[in-house]
Amino acid sequence: MNSDELSILLSEEFRALVAEHAERDPLQVALDRRIPHAALVASQLKYRRRAQRKLPSYVEAGCLFPPRAFEQASSEAAAATKHLAGESLLDLTCGLGVDTLHFSRSFRRVVALERDPELATITRENLRRLGANHVEVICTSAEEYLARCEEHFDWVYADPDRRSAEGRKLVRLEDCSPDVVALRPLIERVAPRLCLKNSPLFDVDEAFRYFPEAQVEVISLRDECKEVIIRVEGSEPKLVAEAVGVGRVEVPLAERDATPSSEGFDPARYRWLIVPDVALQKARLVCHHLRPVAFVASENGFAFAEEYPEAVLGRVMEIAEIVPYKPKELKKEMKGTKAELWKRDFPLSLEEIRRQTGVREGADLRLAFTKIDGKNWMIRLK
């Protein structure tokens with residue numbers, strides 16, 4: 001983005017153009033020669049539509065959406081799971097400012113750093129439109145600011161850039177920018193508490209290797225892992241699995257138990273299938289959370305309950321029957337049937353299951369497949 005484009009984006013004329021054409025197809029707008037700056041207007045309309053669910057407050061306030069910053073930003077729902085509060089917070093990696101906006105509601109003062117000048121200007125304007133007037137956006141790098149910082153904050157927050165210069169995804173903390181591991185002595189000089197957002201690919205046990213005293217939180221939204229949060233604040237090590245809008249499970253690290261159920265699997269006993277939420281799986285808390293109410297074969301499998309399980313982190317479905325997986329027999333019975341399929345701990349792909357059984361994609365039936373004690377099973381759901 002050049003300075004001329006930035007000036008256009010920030011102008012009231014451009015804001016009025018976006019509002020005027022808000023209901024039109026972005027492609028039609030891009031091709032409409034009557035519209036000034038049609039390509040820029042179309043780009044904003046495209047990302048406004050994508051932001052309706054991810055960033056509703058930004059859409060309502062008429063904010064601007066730089067494409068790369070939008071792609072890397074947290075959703076507002078995920079941002080709201082970061083339960084931090086205090087007098088002051090330093091955000092080392094502001095970006096589009098979604099987490100910054102959330103923190104502005106629970107801190108009296110927020111200082112947010114963004115090293116890209118154009119993005120810093122846009123984020124500053126967006127936060128103004130959103131009414132977050134006590135956030136100070138400073139255009140500088142985390143390294144430069146921490147080296148000269150004389151202030152004290154209650155919290156430091158960081159969401160490092162996890163893309164290399166070539167666009168390759170990065171997972172190791174030392175490879176991301178800023179390198180929070182290397183900066184930790186400077187961070188501890190300005191704040192006693194650190195909150196670090198990581199990729200959903202980040203391993204929870206690796207988090208404790210870097211920060212043995214941390215609380216590690218796995219956040220999922222609609223059964224999709226969104227981020228792994230590390231909180232360092234001097235408390236006992238803890239694991240958290242949170243499914244946004246569903247529930248939250250907290251377990252001291254010393255008490256985490258991944259031991260499967262000890263009794264044998266008796267398919268005739270079980271009336272309810274539990275599909276554990278991905279946050280439980282990622283945190284390796286499936287056995288710990290579900291074993292008191294269900295049979296659990298492994299951290300990666302389904303769980304089976306005799307009575308309806310209340311307040312569990314996962315999807316609960318009623319079982320019609322559980323039968324051995326015998327593809328030739330099933331094919332005679334179900335060839336051409338349309339079914340929704342799930343699988344956990346099963347040696348075949350969904351495509352191979354469909355090929356072997358003749359079941360087509362659809363929603364007439366719901367079927368689940370798993371392997372327990374060396375045997376393959378099919379679960380027919382009501």
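The values are calculated or read from the model by the stated rules, or taken from the named source; none is laboratory data. Source: prediction; values computed, not measured. Don't worry about glycine lacking a Cβ; one is built from the backbone with ideal geometry, like all the others, and counts go over all protein chains shown. Areas reflect the complete protein model, heavy atoms only, side chains present, ligands, DNA and RNA absent. Shrake-Rupley method; radii C 1.70, N 1.55, O 1.52, S 1.80 Å.
Entry for the stretch 79-194 at q = 0.16 Å⁻¹: log10 I(q)/I(0) = -0.72, Debye formula applied to identical alpha-carbon scatterers, no solvent contribution.
When the chain is fully extended, how far beyond the present Cα-Cα distance does GLU306 get from ARG354, taking 0.36 nm per residue of separation?
Details: separation 48, 0.36 × 48 = 17.28 nm, distance 2.89 nm.
Contour length minus the Cα-Cα distance gives 14.4 nm.
Using C-alpha pairs under 8 Å with a sequence gap of at least 6, the mean separation divided by the residue count of the chain gives a relative contact order of 8 percent. Computed per residue of the chain from DSSP H runs no shorter than four, each worth -39500 (n - 2.57), the mean residue ellipticity at 222 nm is -9000 deg cm²/dmol. Backbone amide hydrogens, once placed in the peptide plane, bring LYS238 within less than 5 Å of GLN215, VAL216, LEU253, excluding anything fewer than 5 places away on its chain.
Placing dummy labels 7 Å off each Cα toward the beta-carbon, the span from GLU166 to PHE208 is 3.5 nm. Using the beta-carbon distance between ARG148 and ALA268 and R0 = 56 Å, what value does 1/(1 + (r/R0)^6) give for FRET efficiency, to the nearest 0.05? Efficiency computed from Cβ-Cβ geometry: 0.20. Straight-line reach from LYS169: taking Cα to Cα under 17 Å and skipping same-chain neighbours fewer than 8 places apart, the lysines in range are LYS197, LYS226.
Once Cα extents along the principal axes in Å is calculated for the structure shown, the corresponding label among [x] 57, 54, 40; [y] 54, 47, 43; [z] 68, 57, 37 turns out to be [z].
Fraction of C-alpha pairs exceeding 18 angstrom in the stretch 143-245: 49 percent, rounded to a whole number. Where nothing but the Cβ of Lys and Arg (+1) and of Asp and Glu (-1) is charged, how large is the charge dipole of the chain around its Cα centre, in debye to the nearest 20? Computed about the Cα centre, the dipole is about 1580 debye.
Among the trypsin sites (Lys or Arg not before Pro) found in the stretch 34-74, those both in a DSSP coil and sparsely packed, with 12 or fewer other Cβ atoms within 10 Å of their Cβ, are ARG34. Loop-resident GluC sites (Glu not before Pro) (DSSP state other than H, G, I, E or B) in the stretch 287-382 with no more than 15 further Cβ atoms inside 10 Å of their Cβ: GLU306, GLU307, GLU310.
Across the stretch 255-382, the relative contact order, built from alpha-carbon pairs under 8 Å that are at least six residues apart, equals 24 percent.
So which GluC sites (Glu not before Pro) in the stretch 1-108 are both in a DSSP loop and have at most 12 other Cβ atoms within 10 Å of their Cβ?
Numbers: sites: GLU5, GLU12, GLU13, GLU20, GLU23, GLU60, GLU71, GLU76, GLU87; in loops: GLU23.
Within the stretch 1-108, the qualifying GluC sites (Glu not before Pro) (loop, at most 12 other Cβ atoms within 10 Å) are GLU23.
Quick check: at a probe of 1.4 Å, how many percent of the accessible area of the chain sits on carbon and sulfur atoms? Result for the chain: 48 percent of the exposed heavy-atom area is carbon or sulfur.
For the stretch 1-148, the equivalent ellipsoid built from the Cα gyration tensor has semi-axes of 29, 17, 12 Å, listed from largest to smallest. Entry comment: accessible area of the chain is 48 Å² per residue, from protein heavy atoms only and a probe of 1.4 Å. The H on the amide N of ARG366, modeled in the peptide plane, is under 5 Å from the matching H of GLU340, LEU381, each at least 5 residues off or on a different chain.
Could you work out the relative contact order of the stretch 302-363, using alpha carbon pairs under 8 angstrom and six or more residues apart, expressed as a whole percent? Walk me through the intermediate numbers first.
Working: 43 pairs, mean separation 22.1, N = 62.
Relative contact order here is 36 percent.
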